[in-house]
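Below: one structure, written as structure tokens.
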Amino acid sequence: MAIIFVAPMMQLLILPMAANYEIKNINLAVVDQDHSTLSRDLINDITSSGYFRIYYYGASYDAAYETLEEEKSDLILQIPQNFEKNLVRENSQKISIAINAINGTKAGLSGTYLSAILRKFNQKINIQYHPQIAEKIKNSGLEVRSSLWFNQTYNYRLSLVPGILVFLITLVAGMLSALNIVAEKEIGTIEQINVSPIKKSYFILGKTIPFWILGNVVFTIGLLISRFIYGIEIHGNLLLLYFFVAIYLMVVLGYGLLISTFSETQQQAMFINFFFVMIFILMSGLFTPIESMPNWAQKITYFNPLRYMIEIVRLIILKDSKLTDLFPQISALIAMAVVFNSLAIWNYRKRG
């Protein structure tokens, strides 16, 4: 029992702190062939951003490339000769960026960070040496102001922690229910139950209720950790949130019991459960946005209960969504709960 509660809570405490959508401490190799005031200003802007640290600084591109080959640096920034002269006098200068793309995510983010810094530096130089540009920008009549809704500080934990919480109750409830009936088969008590007068539907219901209560307890502890450790406030209705959790647990328990009725051993049930849970997690939108998946993958996610529950928890906690706003998600979960539990009862009756 201690493992059931302690292990998920430890994961909830560790995973959001370890997982981070931001990438920092990117090693940068700088090939400065100009050694001017502007090139030093540019390097200073890059290092002061907090994302980059200089691993190599020199005038040799070959030496910088060696650090890239040895995986000691992630990017090479080459500042050519006459960088300051061309930029000030001709208002035009090209610089080169080479990115180690073995880790695609890191390469994409680091390239984006550096490009943003360079654009900002370019704008600063234009305004400094060509004041008329600043006047044009000021009088252009177009002023852009952006703001972040429902997550004003762009805190990645606000979206990550609710998702991990759903993942944990899926893991606990799904695994325990998947091992339940098959454990009766292994120790031989299933035969005694089969000859007893209890109805099979009542038997399945009796196997479901304890884990349903257990799932709610795990969810409650997770909510307390989210509130008091990560400072995540629940903006929506708490009763509505528990209503959705209650239905979602019926989906997960039905899915686990279905696996249990098909499996002959606990080991077999664990592997089947692990196979589907991995698919559910990777295609839930927790780590990769569903919109960025291929069309065929997006269609598969419609059969993934984790996708709907993560959306629900995020929308209620962060956005204060109402029941009417979440009608598509709740409809899908109810349908899945009916299908999984009906199949579990039907398959158990067949073998009984």
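The simple Förster model, with R0 at 25 Å and r as the Cβ-Cβ distance, assigns ALA7 and LEU282 a FRET efficiency of 0.75.
Toward the positive end of the charge dipole of the chain, with +1 on the Cβ of Lys and Arg and -1 on the Cβ of Asp and Glu, the farthest Cα among ALA183, ILE46, MET10 is that of ALA183.
Could you look at the chain and say what percent of its accessible area is carbon and sulfur, using a 1.4 Å probe and all protein chains? Whole-percent figure for carbon plus sulfur exposure: 61. Modelled spin-label separation between PHE150 and VAL88, with each label point placed 7 Å from Cα along the Cα-to-Cβ direction: 5.0 nm.
Can you tell me the orientation of helix 157-187 relative to the chain, as the angle in degrees between its alpha-carbon axis and the longest Cα principal axis, to the nearest 10? Tilt of helix 157-187: around 30 degrees.
Given that just one value was derived from the coordinates, which of [x] 27.8, 94; [y] 20.3, 68; [z] 22.7, 95 is Rg and Dmax of the Cα atoms in Å? Computed from these coordinates, Rg and Dmax of the Cα atoms in Å corresponds to label [x].
Highest mean first, the peptides 244-254, 288-298, 72-82, 50-60 sorted by other C-beta atoms within 10 Å per residue fall in the order 244-254, 72-82, 50-60, 288-298. Extension gain for the segment ALA116 to LEU239, taken as residue separation times 0.36 nm less the Cα-Cα distance, is 39.9 nm to one decimal. Taking amide H positions as modeled 1.01 Å from N, with prolines and chain starts lacking one, the residues under 5 Å from ILE26 and 5 or more places away or on another chain are PHE52, ARG53. The helix-only estimate of mean residue ellipticity at 222 nm for the chain, built from DSSP H runs of length n ≥ 4 each weighted as -39500 (n - 2.57), is -21500 deg cm²/dmol after division by the residue total. Maximal additional length on extending the ALA18-SER49 stretch stands at 9.0 nm, based on 0.36 nm per residue less the C-alpha distance.
If you fit an axis through the alpha-carbon atoms of helix 238-262 and take the longest principal axis of the Cα set of the chain, what angle between them do you get, 0 to 90°, nearest 10? Orientation of helix 238-262: about 70 degrees from the principal axis. Going down the list LYS207/LYS299; LYS24/LYS94; LYS72/LYS94, which pairs span over 29 Å between their C-alpha atoms? Exceeds cut-off: LYS207/LYS299.
Descending by average beta-carbon neighbour count within 10 Å, the peptides 62-68, 315-321 line up as 315-321, 62-68, the highest first. For the pair GLU264 and PHE327, a Förster radius of 51 Å applied to the C-beta separation gives a FRET efficiency near 0.80, rounded to the nearest 0.05.
The values are calculated or read from the model by the stated rules, or taken from the named source; none is laboratory data. Treat the numbers as computed from the prediction; the structure is a model and nothing was measured. With ideal geometry, Cβ positions are generated from the backbone for all residues, glycine too; neighbour counts draw on all protein chains shown. All accessible areas refer to the heavy atoms of the entire protein, side chains included, with ligands and DNA or RNA removed. Shrake-Rupley method; radii C 1.70, N 1.55, O 1.52, S 1.80 Å.
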